[in-house]
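What follows is a short report on a single structure.
The values are calculated or read from the model by the stated rules, or taken from the named source; none is laboratory data. In this text the structure is predicted, and so the values were computed from the model without any measurement. Positions of Cβ are backbone-derived with ideal geometry, glycine not excepted, and every protein chain shown enters the neighbour counts. In case anyone asks, the SASA skips ligands and DNA or RNA and just uses the protein heavy atoms, side chains included. Shrake-Rupley method; radii C 1.70, N 1.55, O 1.52, S 1.80 Å.
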Amino acid sequence: MRARAVALALALLGLTAPAAQAETWSARDARGDAETLVYSPDPPPCGTSTLSPAPTARRQDLTALRVDHGSQAVVIRLRMADVARRDHSTSWSVHLLTPDRGYLLVVFPRRPGEAVDAFLSEEPEVPANPDPADCTVGSLVIGRGGCDGLSVHLDAAADRLDLTVPRRCLGRPRWVRVGADVSGAFTGSAETGYSVTGDTWSPGAATAYPIYGPRVHAG
């Protein structure tokens, strides 16, 4: 009886052990810092690429990144200067690094008349010292990787994108580091030349890609 009375008193005083909370991290990205890449196949063999500011490209302007690492899922929020629900040219890439491996989460327009879809795969390996004479233009095929419960919610009114990744799909890591970039307004082709506008979340003088934020531990 005494033990029950003590337990009740502690509960009333709010002294019981709290439930595990998600560890949260967030960081802003500069507004109006999207850029347009223009590629020309001339001169051969590698052609030329130029970057120019695109301050009016609001749908490709990433303004903030937030990560909530809970006991069951990692929830990632991307804030944009503008989000349109029927935008069928913009796509988002989220990079997740765990103690064991990296993952790539891609969100893109699904079909005309629908919003977006999300796919998760292991992060493709990029050579540390690529051969400058290798001008190959490749493509990446991404599969779901068996991640049931992966979800994406696009909120055009709040100009944000929320993604929920079950921790089991990431091997239930102790921590994650997250980065993100966005691209869109693609025109042309690799054969004839193209332009694409985008933005990458960056804390400043980053020299490697992907760019990751700090470790966010599981709640």
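Could you look at segment 148-190 and say what percent of its accessible area is carbon and sulfur, using a 1.4 Å probe and all protein chains? Write down the numbers at each step before the final one.
On the way: 840 of 1850 Å².
The value for segment 148-190 is 46 percent carbon and sulfur by accessible area.
Find how much the distance from A27 to A158 grows on full extension, using 0.36 nm per residue of separation minus their present alpha carbon separation; answer in nm with one decimal.
Gain in length upon complete extension: 45.4 nm.
So if I place +1 on the C-beta of Lys and Arg and -1 on the C-beta of Asp and Glu, and nothing else carries charge, what would the dipole magnitude of segment 161-219 be about its Cα centre? I want it in debye, nearest 20.
For this selection, approximately 620 debye.
Working out 0.36 nm times the residue gap between T56 and L37, then minus their Cα-Cα distance, what length gain in nm do you get to one decimal?
5.4 nm
Would you be so kind as to identify which of P166, G188, P210 lies farthest towards the positive end of the dipole of segment 163-210, taking Lys and Arg as +1 and Asp and Glu as -1 on Cβ and the Cα centre as origin?
Of the options given, the answer is P166.
How much length, in nm to one decimal, is gained on full extension between S49 and Y194, taken as 0.36 nm per residue of separation minus their Cα-Cα distance?
Details: separation 145, 0.36 × 145 = 52.20 nm, distance 0.96 nm.
Here the answer is 51.2 nm.
S151 versus R172, label points 7 Å from Cα toward the beta carbon: distance in nm?
2.2
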